[in-house]
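First up is the structure itself, then whatever we jot down about it.
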């Protein structure tokens, strides 16, 4: 997560730097040299690049922003205008409908590690000797004929001044490199390498002191209700223990000044933070079911809600429509939309209401100023006054819940966030958020409400047990931030050391079982420490293919026993990821009888049946024959029309004459394209396949079909 956010920030910087004023000093490294450097890396003629002079995001100096885009590719880079240092580089393939480019991975992550190391040696020689040559690895993701499949490597920076720092503290400095798993070319390069020569490392808080302070400021660990969406499984509401920075709570500081313990934001400025407090309101608009709905009742509800918020419904544009299958759950709902705007402000309202029962599933209400002012940042009203203003504003509105946790702070403006907090459980989907400028004027007000089911909290583990478990997945990090003016973006001082907590690769700790709840079945969390993801496939004859499937998220987790016969369910899990475009696994809609397929294998099989890939009467637990996989691959790869044609091929395998035309033609296709073989003239259509051999066949199909 951290790397993804960092790359997103860099992309924003590319755009924002174009608007910055150019320094008076003439750059010593010319734009042509910068273009030539990026041309050498990308293979694109330097004459095709444009260059704009801006400011580096990580140092108080100028940089060239290099750009090129056509139908096939986009290339962006940042090159220091004084030293010629490559600061950032991105090469993106523009996959589009009809593109002939393949994105099938050709390499394992280990095979490309040396490419990453050599790139640093060539283009950052001064940093090469200062990095750990054994990188942390972020898995890639394969999407059929859509987008690059990248492996990302993080090379940690070894900082001599910090060699005596407490063990267990992660130094958040280094180089991130992504490599296209198809072409083996560098697709992203990013340095996080602040000059800390002027930073006094002595006197930093110890790890224990930093953790205690972060716990006080960030709010530590919360018991929350979370809706979990995972591959192949229906949404599930769980009671979890999770750290505040993983919950998306806002506002929160980046971390704390590692010397003073004061909270700081992402620009290195002091973060003004308010006291956490529980808060209760009496002006509650109970979200009780409205009974069986029709359009007239839906209109009446919308108008009454707008009135309760102090608005004249007559001024709003109202739209009501019906969704027959809300959230793929075969639930019929009314979608209600209303909006109004004038020269001063805009208001939006939308709600989802179940037709049969009138249950209010969700409400979103927002109002904001059209032309907010931008007062002097140094003359704010103070966080306590901002909280007071927010509470006063809430007293004049009708709110969908009464018990709240107040989280407040000042970044650009003051933000006071009231989050539903009931019986010790936090519900982050239900919030009332108030934004206030430095003069005390409310510039934005939002209500977000979703119907929740109260979860039984009996028998849950203690928060101390949860924290002990979370400590295996979350690290204390030491970062270095170049302070910037939060309005202009200009550097305003030397780097400062900042302690922060890393993100965890998952939702949190199941409050009932104490188990870590990961994000997805194919992306299991890795506790702090060394982990070998290849244990189950080492020594197998198809080890390389199996590693590629692990590295790109194609492989189900945990890895099936590779020497045993593949089942229909396992085959479906692989085929949906390798041959279904933009596949996002969702549970089957509820039927009239309420039946729903919930197993990963069952949902994948249902998907392939809907797509016409599997038409036969099979169950997830059935074994797979060679003729079946030949047929399913031919359908999945788009050879449907050929399956019913009069294909003849010589020499024909001796043992397929008694099969029907569709199966025989599919065997003709896969043997002609060298996806499967017919050794000694025999295809052996009824033979079963091991999971390992099945994966090798699918990989051949990905490359050749």
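Quick note: the coordinates plus some simple rules give every number you see, no bench work behind them. All of these numbers come straight from a predicted model, not from anything done at the bench. With ideal geometry, Cβ positions are generated from the backbone for all residues, glycine too; neighbour counts draw on all protein chains shown.
Using the 10 angstrom Cβ neighbour count as an exposure proxy, how do 368, 632 rank, fewest first? Could you put the intermediate results ahead of the total?
On the way: 368 16, 632 25.
Starting with the residue having the fewest Cβ neighbours, the order is 368, 632.
In nm, to one decimal, how far is the residue 393 label point from the residue 314 one, both placed 7 Å along Cα→Cβ?
2.8
Evaluate the relative contact order of the stretch 23-78 (contact order divided by residue number), counting alpha-carbon pairs under 8 angstrom at least 6 apart; express in whole percent.
On the way: 66 pairs, mean separation 14.7, N = 56.
Relative contact order here is 26 percent.
Give the relative contact order (percent, whole number) for the chain; include only Cα pairs under 8 Å separated by 6+ residues. Each step should come with its number before you reach the end.
Working: 1378 pairs, mean separation 82.0, N = 705.
Once normalised by length, the contact order is 12 percent.
Only one of the values (1) 49.0, 149; (2) 28.9, 88; (3) 38.2, 140 was calculated from this structure for Rg and Dmax of the Cα atoms in Å; name its label.
Calculated Rg and Dmax of the Cα atoms in Å: the matching label is (2).
Could you work out how much longer the chain between residue 619 and residue 32 gets when fully extended? Use 0.36 nm per residue separation minus the Cα distance between them, nm to one decimal.
Details: separation 587, 0.36 × 587 = 211.32 nm, distance 6.26 nm.
Full-extension gain reported as 205.1 nm.
Under a plain spin-label model, where a point goes 7 Å from the Cα along Cα-to-Cβ, how far apart in nm are residue 462 and residue 364?
Using points 7 Å along Cα→Cβ, the separation is 4.1 nm.
Neighbour counts of other C-beta atoms within 10 Å: give me 404, 293 arranged from fewest to most.
Numbers: 404 24, 293 21.
Sorted ascending by nearby Cβ count, the order is 293, 404.
Mind ranking 406-418, 619-631 by how tightly packed they are, going by the mean number of other C-beta atoms within 10 angstrom, highest first?
On the way: 406-418: 22.2, 619-631: 19.3.
Top of the packing list down: 406-418, 619-631.
Report the extension gain between residue 297 and residue 371 in nm, rounded to one decimal, defined as 0.36 nm multiplied by the number of residues separating them, less their alpha carbon distance. Mind showing how you got there, number by number?
Numbers: separation 74, 0.36 × 74 = 26.64 nm, distance 3.55 nm.
Result for the pair: 23.1 nm of gain on full extension.
In percent, what relative contact order does the stretch 607-666 have, based on Cα pairs under 8 Å that are 6 or more apart in sequence? Don't skip to the answer; put the middle values down first.
On the way: 31 pairs, mean separation 21.2, N = 60.
It rounds to 35 percent for the stretch 607-666.
Can you give me the distance in nm between label points at residue 72 and residue 564, each placed 7 Å from the Cα along the Cα-to-Cβ direction?
4.7
Given the -39500 (n - 2.57) contribution per DSSP H run of 4+ residues, what per-residue ellipticity at 222 nm results for the chain, rounded to the nearest 500 deg cm²/dmol?
Per the formula, -7000 deg cm²/dmol.
Taking neighbour Cβ counts within 10 Å as the exposure measure, how do 154, 190 sort from fewest upward?
Details: 154 20, 190 23.
Final ranking by Cβ density, sparse to dense: 154, 190.
Using 0.36 nm per residue, how much length does the chain from residue 536 to residue 446 gain when fully extended, once their Cα-Cα distance is taken away?
Full extension from residue 536 to residue 446 adds 27.4 nm.
Calculate, for residue 195 and residue 661, the FRET efficiency according to 1/(1 + (r/R0)^6) with r their C-beta to C-beta distance and R0 60 Å; round to the nearest 0.05. Could you put the intermediate results ahead of the total?
Details: r = 71 Å, r/R0 = 1.18.
So the FRET efficiency works out to roughly 0.25.
If you take the square roots of the eigenvalues of the alpha-carbon gyration tensor of the stretch 173-229 and sort them as a ≥ b ≥ c, do you get rounded (a/c under 1.5), prolate (a/b over b/c) or oblate?
Details: a/c = 4.76, a/b = 1.23, b/c = 3.87.
Verdict is oblate for the stretch 173-229.
Provide the FRET efficiency to the nearest 0.05 for the residue 703-residue 83 pair, computing r from the beta carbons and using R0 = 41 Å. The partial results should precede the final answer.
Numbers: r = 43 Å, r/R0 = 1.04.
Given R0 = 41 Å and the Cβ-Cβ separation, E is 0.45.
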